[in-house]
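Below you'll find the structure, written out as structure tokens, and then a few comments.
The values are calculated or read from the model by the stated rules, or taken from the named source; none is laboratory data. Keep in mind it's a predicted model, so treat the numbers as computed, not measured. FYI the Cβ positions are ideal-geometry reconstructions off the backbone, even for glycines, and counts take in every protein chain you see. Surface areas here come from the heavy atoms of the whole protein model, side chains and all, with no ligands, DNA or RNA. Shrake-Rupley method; radii C 1.70, N 1.55, O 1.52, S 1.80 Å.
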Amino acid sequence: MKRTPASYLPPITLQDREEIPIYQQLYDWFRRAITGGQLRPGQRVPSTRNLAAELKTSRMPVLGAFEQLLAEGYLEAFVGAGTYVARSIPDDTLSRPAEKARNGLQETVEKRGPRRLSRRGVALTNLPAQSWLDNLGAFRVSLPALDHFPIGVWSKLVARNSRKPPKGIMAYGDAMGYLPFREAIAEYLGAVRGVRCEASQILVTTGSQQALQISAQVLLDPKDRVCMEEPGYPGARQAFITVGAQLIPIRVDHDGMNVAEILRRGRDARAVYVTPSHQYPMGMTMSAARRMLLLNWAARSGAWIIEDDYDSEYRFASRPIASLQGLDTDGRVIYIGTFSKVMFPALRLGYVVVPTDLIRPFSAARDATDIFSSTLYQAVLTDFIEEGHFARHIRRMRMLYMDRRKTLIKAIHSQMKDMLEVIGAEAGMHLVGLLPRGANDVGVSRRAAQRGISAIPLSTCYLIPPSRGGLILGYGGANSHQIHEGISKLRMSVHRDDGRY
Ligand SMILES: Cc1ncc(COP(=O)(O)O)c(C=O)c1O
């Protein structure tokens, strides 16, 4: 029989009145807690010795109360295994009060209707319900090949760092992050991404999302204007909305974000959010000419550039292009990266490279948010990087994702040629397939989700509804079999039951 482990008891208050003996008070308390649902069937209760010590009473009344509860079937004892709330309670009033309270609350909520939220709170919930994110099946965007992750090496490093950890790993740490980790990140970014920085400029975060959130908090005031790529990353949009910023959509074309449009329409913008290495979601790379134009504009106008370099490790056809941050001579670029794709998303580790004069406000904002990231995992990842596992893993995954991308494109060509037009550079872990004109991509994604397929509708990345919808398809986490099966399910999802889009 599966039992719930020893768990928390709600507080027991004993009255110091002689007319109700302690054993009776205890018996009544347990009976009420069991029938009221505060103690669950199968839940372990403390030993009489521990309970007596906790209540600062002698053991006798506790033994008396337990004996009666056992005799009446509210508790059951197992020799050597402790005492538990009985699985089948004799009283048919079991849990009713708790259930009633729950139902009552539900009724009140329904009667009362929605309560007042802040404008930002309302704006945050304006995206449609995202049923396509409910499963981890084929084409889930941002899902790496978890079954290819070197979990053996990783768990050894976790064990090594957890065994007799020094104080520094268990106590409060620096808001900017664990120094050896920041040193390893600075070295990696300098070598691989042409980022120019010192370890002191690295702020470790719980992924890019927090990096975006903190950047928005530090750099923007309510109503400040922010230029966003159109289409662009909804996560960034959400982060800017939480500080009350106004978003200006700037179209992307085959050279990335159209900087000339920023010069025309975004003159007074405080910041620009951009994914120059691999535009999200469309997949193009920003041209060198546009990069220089953007940097010059930012230097002249005093705007910030928030560079989200979320998956640049994976380029298949050409060498990675150096970051905007590396070309910046005016300290205008806030460079953001993540370990979600190169390691795994639940690790929740990312970073911001902060211009030197912004280190204090960024550090203070992190401190005010959640102080710092888990030092244990920062230390484990430092070892993983320094011992060469990181570089090896990225090399392996680059080959694997290149293959998976080819497999996906082939499967689309053979099964959905007339339904999906593939676009995007040979990079990253996702591609975009444009649907035929007139197709409702949200509807397609919903139908696909019912078949266990995750495909993000392209239109959710737009601020202004696009004339043509599409699907964002991740291939990192799907093997060849899942890709083929996924594409045939997707094909069945494009049309409604009546055959129309
Ligand atoms: C453009 C972009 N930035 C950042 C991220 C990663 O976010 P995080 O590091 O918070 O997991 C993603 C993940 O999908 C993304 O698509």
Task: Restricting region 26-40 to residues that are part of a helix (DSSP H, G or I) and among the aliphatic types (A, V, I, L, M), the residue that is nearest to ARG87 (Cα to Cα) - done: ILE34
Open item on the list: Condition first: closer than 13 Å to LYS341 by Cα and either in contact with a Phe, Trp or Tyr (Cβ under 7 Å, 6 or more places away or on another chain) or free of Cβ contacts under 8 Å to residues at least 24 places away in the same chain (or both). Now tell me which residues in region 129-162 satisfy that.
Closed with: PRO144, LEU146, PHE149
Open item on the list: Of the conditions (1) more than 14 Å from the ligand (Cβ to nearest atom); (2) in contact with a Gly (Cβ under 8 Å, 6 or more places away or on another chain); (3) not aliphatic (A, V, I, L, M), THR206 satisfies every one except a single condition; which number is it?
Closed with: (1)
Task: ILE262 being at pLDDT 95 or above and within 14 Å of the ligand (Cβ to nearest atom) - done: no
TODO: Taking the residues in region 335-347 that are near the ligand (Cβ under 7 Å from one of its atoms) and within 13 Å of LEU381 (Cα to Cα) as candidates, determine which candidate is farthest from the chain's Cα centre (by Cα).
DONE: THR338
Open item on the list: Among the residues of region 442-485, what is the count of those that are in contact (Cβ under 8 Å) with a residue 40 or more places away in the chain, of a type in the set (Lys, Arg) and in a loop (DSSP other than H, G, I, E, B)?
Closed with: 1
Task: Filter pass, VAL195 being of a type in the set (A, V, I, L, M), closer than 16 Å to MET343 by Cβ and open to solvent by less than 60 Å² (accessible area, probe 1.4 Å) - done: no
- [ ] Scan region 405-423 residue by residue and report those that are of a type outside the set (S, T, N, Q) and open to solvent by 40 Å² or more (accessible area, probe 1.4 Å).
- [x] LYS406, ILE409, LYS410, HIS413, LYS417, ASP418, GLU421, VAL422, ILE423
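What tally of residues in region 307-317 results from selecting those that are free of Cβ contacts under 8 Å to residues at least 60 places away in the same chain and either more than 16 Å from the ligand (Cβ to nearest atom) or of a type in the set (A, V, I, L, M) (or both)?
Summing the residues that are free of Cβ contacts under 8 Å to residues at least 60 places away in the same chain and either more than 16 Å from the ligand (Cβ to nearest atom) or of a type in the set (A, V, I, L, M) (or both) in region 307-317 gives 0.
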Task: Any hit, region 351-366, residues being crowded, with 16+ Cβ neighbours inside 10 Å, more than 20 Å from the chain's Cα centre (by Cα), more than 30 Å from ARG396 (Cβ to Cβ) and of a type in the set (Gly, Ala, Ser) - done: yes
- [ ] Answer yes if at least one residue in region 37-52 is open to solvent by less than 70 Å² (accessible area, probe 1.4 Å) and modelled with pLDDT under 90, and no otherwise.
- [x] yes
Task: Flag if GLY326 is at pLDDT below 95, away from the ligand (no atom under 16 Å from the Cβ) and open to solvent by less than 20 Å² (accessible area, probe 1.4 Å) - done: no
Open item on the list: Here are the criteria: (1) farther than 29 Å from ARG468 by Cα; (2) surrounded by fewer than 23 Cβ atoms within 10 Å (Cβ to Cβ); (3) more than 21 Å from the chain's Cα centre (by Cα). Tell me which single one GLN217 does not satisfy.
Closed with: (3)
Task: Residue list for region 445-468, filter: within 20 Å of the chain's Cα centre (by Cα), buried (at least 20 other Cβ atoms within 10 Å of the Cβ) and not β-branched (Val, Ile, Thr) - done: SER454, ALA455, PRO457, LEU458, CYS461
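With the condition kept exactly as written, say whether any residue in region 251-258 is buried (at least 24 other Cβ atoms within 10 Å of the Cβ), within 16 Å of the ligand (Cβ to nearest atom), farther than 30 Å from LEU136 by Cβ and among the aliphatic types (A, V, I, L, M).
yes
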